[in-house]
Amino acid sequence: MANNLLAGKRGIIFGALNEQSIAWKVAQRCHEEGATFVLSNAPLAMRMGEINKLAEQCNAPIIPADATVVEDLEKVFSGAVEQLGGKIDFVLHSIGMSPNIRKGKHYGELNYDWFQKTLDISALSFHKMLHVAEKQDALNEWGSVVALSYIAAQRAFLDYTDMSQAKAVLESIARSYGQRLGTQKKVRVNTISQSPTKTTAGTGISGFDAFYEYADRLSPLGNAPAEACADYCVSLFSDLTRYVTMQNLMHDGGFSTTGISEAMVEAITHATKEA
Ligand code: NAI
């Protein structure tokens, strides 16, 4: 249901790879709510071509960028201001990648060059984006910036390996830049800590199906789907949340504050009887 919550707002959405991507759903919802925006992704991801479908649907220009490269980000921000016809009201950082996860390295055998790549792609890119936005004075007052995180920033999930550290850094950057940009420009910066979601990045993690199921059974509301995450992003980009900043916002169906659920008790009782 569209309510014109983002009418007249201009944005940049990073990280829509395919229809499963959280950023893809966010773009569709932002479009429904009346926003105009630029889509950006790594040149390699662009070559897969799927983003063109989304760009057509949303009437959105595409500006490629490797989010670890400051010069690329400069082009995205200046290009967006130029092509959209004014300063930016919202930014979504929906970027994550760990070469260690891709190569199946467990926590005890991480490759440190790849670890740095994980941090650069999944966390420092957020700092670089905010740095460029500030230097170019590209954001409007009362703008809103959101990055997507995961609860492995606070709790140990060993299969999430170095992405856990990347998410902890990401959330910390949101607080520091939230303070800085809030004071300077009344811009808010938050992270959303999302339930496990069946996307390319999500399903690349070893044991994903198990922790998807585990989270689903533990959460009173079940796992939050990508579409609901998109709704939450829209609310954070809208004027209805102007004083929410420097927060890591749980969007997880209640997972993070649940001890145990009946569904888990039943599953464990059943498994114990079977054994
Ligand atoms: P996805 O695979 O659709 O999106 C990840 C995006 O990162 C892709 O579009 C990819 O091209 C982009 N990317 C990778 N390296 C890049 C680079 N150097 N420069 C620019 N873009 C680059 O997967 P998903 O799940 O939609 O991921 C979006 C965000 O949500 C990530 O930050 C992820 O960690 C986070 N998240 C995902 C969860 C899940 O279970 N899927 C749970 C909680 C958070």
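List of remarks:
- Residue in segment 250-268 that is part of a helix (DSSP H, G or I) and within 16 Å of the ligand (Cβ to nearest atom) present: yes
- Selection status of LEU110, among the aliphatic types (A, V, I, L, M) and within 22 Å of ALA147 (Cβ to Cβ): no
- Tally of residues being within 16 Å of the ligand (Cβ to nearest atom) and open to solvent by less than 30 Å² (accessible area, probe 1.4 Å) across segment 134-160: 10
- Here segment 5-52 is the region considered, the condition is being out of contact with any helix residue (DSSP H, G or I) (no Cβ under 9 Å at 6 or more places or on another chain) and more than 8 Å from the ligand (Cβ to nearest atom), and the residue that is modelled with the lowest pLDDT is GLY49.
- Put simply, of LYS75, LYS9, LYS25 the only residue that is of a type outside the set (Ser, Thr, Tyr) and open to solvent by 50 Å² or more (accessible area, probe 1.4 Å) is LYS75.
- Residue selected from segment 192-220 under the condition outside any helix (DSSP H, G or I), of a type in the set (Gly, Ala, Ser) and near the ligand (Cβ under 8 Å from one of its atoms), by the criterion most open to solvent (accessible area, probe 1.4 Å): GLY204
- For segment 161-176, a residue qualifies if it is open to solvent by less than 20 Å² (accessible area, probe 1.4 Å) and either of a type outside the set (A, V, I, L, M, F, W, C) or over 19 Å from SER98 (Cβ atoms) (or both), and the qualifying residues are THR161, ASP162, SER164, LYS167, GLU171, ALA174.
The values are calculated or read from the model by the stated rules, or taken from the named source; none is laboratory data. Being a predicted model, the structure only gives us computed values, none of them experimental. In this analysis, Cβ positions are derived from the backbone assuming ideal geometry, glycine residues included, and neighbour counts consider all displayed protein chains. For accessibility, only protein heavy atoms count, side chains too; no ligands or nucleic acids. Shrake-Rupley method; radii C 1.70, N 1.55, O 1.52, S 1.80 Å.
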